[in-house]
Amino acid sequence: MNNLDWLLVFAGIFAAGAAHAGGPRPAPPKAAKVPHRLEKHGHVRVDDYFWLRERENPDAIGYLKAENDYADASLAHLKKFSSSLFREIKSRIKKDDSTPPFKDGPYYYYTRYKKGGEYPLYCRRAGSPSGKEEILLDVNKEARGHAFFDAPFPVMSPDHNIMAWAADTKGRRFYTVRFKDLRTGRVLPDRLDNVTPNLAWAEDGRTLFYAKQHPGTLRWERIFRHELGSAGDREVYYEPDETFTAFVGKSRSRKYLFIGSQATLTTEYRYLEASSPDGEWKLFRPRERGLEYAPEHAGDRFYVLHNRGARNFMVSEAADLPGGPGPWTDILPHREDTLVEDIDAFRDWLVVSERRGGLPLIRVISRSGGGEHYLEFDDPAYLASPGVNREFGSGLLRFNYESLTTPDSVYDYDMGSREKKLLKRQEVLGGFRPEDYVSERIWAPARDGAKIPVSLVYRKDFRRGSGAPTHIYSYGSYGSNSDPYFSSVRLSLLDRGFVCAIPHVRGGSELGRAWYEDGRQKKKMNTFTDFIDATEYLVKEGYAARGRVHAEGGSAGGLLVGAVLNMAPEGLYGSAIAEVPFVDVVTTMLDDSIPLTAGEYDEWGDPGVKEDYEYMLSYSPYDNVSARAYPNLFITAGLHDSQVQYWEPAKWAARLRDMKTDDNLLVLKTDMEVGHGGKSGRFEALKLVALQYAFMLDLEGIRK
């Protein structure tokens, strides 16, 4: 880097620092331009900001800090309002909350929070939900001294005497696993470093199987067996195909352990009797390109969810024979209008999670031939799914339900009597009343004739055509659904007159597998045009007003936002929030040394193929920034992000600054301590949300 480059970088740092100290708002920092030639398939691209990927380069870190200082200075006038919003959002959350206990063997396990605690306590009670509490792990204590801390619920040995628990202290998703003997309270010397939190116990209570990732690409690629007290672990499976990830699990029946290998469009499983952890893993069914399947075990048979000749998936069964699974016999046929998403096998019941018309369904089938039925739900848009169900012999189904107006609710459902019992509904403090809000689902026409479902929520005093501001959010990738979940945080927008909209764009699976396939690879453009078309329809129908629409998306949803801003008519959106956005698609997909790339070819395309490369290049947000007006932008990044490397949003912000023709605000905030998920504390994470809300509300002239 030459002297001029150094001066540019440090001028930005100095100006931002001076403003932050109390002076006027500075000029935006400018990243040094260092041309880097990228050539592929006859295309020559010059990337002026390629150098920002040099994590150890002090100039790269200096630029991120300069942007942070500029963001702080530019948003300084929102500090009081943001703090007030944070207190408001926090005030709705019960500080000493807990989850309903779930039964697992002789214990009832649950999570609870104590006042003043950022992190959970994992607990259990013996014999009954009202038994004496035993605190298994106080994550608050373990998290002391760490800016980031993630510890999922511990994994208990089959006899419930040994607890294995994993913790990540950086946010890059490398975990350390430790063990505790709950009979004595002694922490065992065993320790697994730099592994995943994917753990499964064998039935002997001494053998734990776990997945380990590649240190560079972070691909889950190896399965190891650890025996308590042993000096070394044995590798039992290695997945050589870089487009697959490997993981381990256990059947609810506790008879089998499974090793799964999964790519975007193909899966393969191996199985082992859980009572024989030293045994030989057997192949359930060899992988076939395009065949996705997942086995469940119950009694004398396996149930298999699969897409063999069934785009929307179907269910077959196979006898559990000494020599391996018998032939597959279809029991739930394929349906063009219904996507089968998951199955849960119990001793007497089979529970099937389905989706039809964009809405989730729960289907209960008697395994003894006693008939079947669906659970009934009333909201026009909702989310319903099985919850934590550890007991194979249970006739109770634990399920979760919520909607845009109904807080998260946990039920026990008697599959025989069809009676359901509400165990707990999220308590929203501060006078929240569901009847003050209205949810709706409408269908927006896409430019190619498709109909896009859109979930809406607003206060009941909202009137269409009133020019109200609108917050619009979606994701639209990997077949993941943008479900209409309840959010107490969202109330801070609704109560200030916002309409909140979730377009269920192609790339998700809301309308079945075809909906996903129409939003991936060479049909990816549908995801972006669906979002724009849904926005235009909301304006036309009076739910939104041009220039008062505020878009938000994170990760692959940040790709959605970035692409939309390049394509949408100028003036449609007033602002956009892009959280850890995947915006440098082509350059990232060309580099298989960084996390996730090789396994993503089936989602985005293989840049080694000219047609795929050119199609990705046609929408990649970074590559399509142009000299045009962009709305106000709030972009976030995480220095330790393992999913979207920090330099993607950093490069995008730099190029936008260089090329955009407007005077609208653009801020880039990079958290220098965390990864993809942001802050880990339950309240600490809300500070950024409060600032983003203040950013949107301020643009609407709402400052209290």
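Residue-wise test of (1) of a type in the set (D, E, K, R); (2) in contact with an Asp or Glu (Cβ under 6 Å, 6 or more places away or on another chain); (3) buried (at least 17 other Cβ atoms within 10 Å of the Cβ); (4) in contact (Cβ under 8 Å) with a residue 40 or more places away in the chain.
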position: GLY393; (1), (2), (3), (4): no, no, no, yes
position: ASP414; (1), (2), (3), (4): yes, no, no, no
position: LYS421; (1), (2), (3), (4): yes, yes, no, no
position: LEU429; (1), (2), (3), (4): no, no, no, yes
position: GLU440; (1), (2), (3), (4): yes, no, no, yes
position: PRO445; (1), (2), (3), (4): no, no, no, yes
position: ASP448; (1), (2), (3), (4): yes, no, no, yes
position: TYR458; (1), (2), (3), (4): no, no, yes, yes
position: ALA468; (1), (2), (3), (4): no, no, yes, yes
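Have a look at VAL248, VAL304 and point out the one that is under 25 Å from TRP201 (Cβ atoms) and either in a loop (DSSP other than H, G, I, E, B) or in the same structural domain as SER366 (by TED's automatic domain parsing) (or both).
VAL304
How many of the residues in region 35-74 are assigned to a helix (DSSP H, G or I) and either closer than 22 Å to TYR615 by Cα or charged (D, E, K, R) (or both)?
The total comes to 7.
List pairs: first residue in region 306-323 and in contact (Cβ under 8 Å) with a residue 60 or more places away in the chain, second residue assigned to a strand (DSSP E or B) and among the β-branched types (Val, Ile, Thr) anywhere in the structure, Cβ distance under 6 angstrom, at least six positions apart or on different chains.
Between residues of region 306-323 that are in contact (Cβ under 8 Å) with a residue 60 or more places away in the chain and residues that are assigned to a strand (DSSP E or B) and among the β-branched types (Val, Ile, Thr), the close pairs are PHE313/VAL340.
Let me confirm something: among ASP159, ASP150, which residue is in contact (Cβ under 8 Å) with a residue 12 or more places away in the chain, more than 24 Å from ARG425 (Cα to Cα), surrounded by 14 or more Cβ atoms within 10 Å (Cβ to Cβ) and over 28 Å from the mean Cα position of the chain (by Cα)?
Matching residue, one of ASP159, ASP150: ASP159.
Residues checked against (1) surrounded by 15 or more Cβ atoms within 10 Å (Cβ to Cβ); (2) of a type in the set (Val, Ile, Thr); (3) at pLDDT below 95:
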site	(1), (2), (3)
THR329	no, yes, no
PRO333	no, no, no
THR338	yes, yes, no
ALA345	yes, no, no
ASP348	yes, no, no
VAL352	yes, yes, no
GLU372	no, no, no
GLU376	no, no, yes
PRO380	yes, no, yes
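Any idea which of PRO26, PRO35 is modelled with pLDDT of 60 or more and under 24 Å from ASN624 (Cβ atoms)?
PRO35
Which residue pairs have Cβ atoms under 8 Å apart, sit 6 or more places apart or on different chains, and have a first residue in region 26-41 that is more than 25 Å from HIS77 (Cα to Cα) and a second that is in a loop (DSSP other than H, G, I, E, B) and polar (S, T, N, Q)?
Final answer for the pair search is none.
Out of all the residues in region 255-286, which are part of a loop (DSSP other than H, G, I, E, B), over 26 Å from GLY599 (Cβ atoms) and in contact with a strand residue (DSSP E or B) (Cβ under 9 Å, 6 or more places away or on another chain)?
LYS255, ALA274, PRO277, ASP278, GLY279, GLU280
With the condition kept exactly as written, say whether any residue in region 433-448 is under 20 Å from the mean Cα position of the chain (by Cα), under 27 Å from ALA514 (Cα atoms), in a loop (DSSP other than H, G, I, E, B) and at pLDDT 95 or above.
No: region 433-448 contains no residue that is under 20 Å from the mean Cα position of the chain (by Cα), under 27 Å from ALA514 (Cα atoms), in a loop (DSSP other than H, G, I, E, B) and at pLDDT 95 or above.
The values are calculated or read from the model by the stated rules, or taken from the named source; none is laboratory data. What you are looking at is a predicted structure, and each value in this text was computed from that prediction instead of being measured. Because the Cβ atoms are built from the backbone with ideal geometry, glycine has one as well, and the counts that use them run over all protein chains shown.
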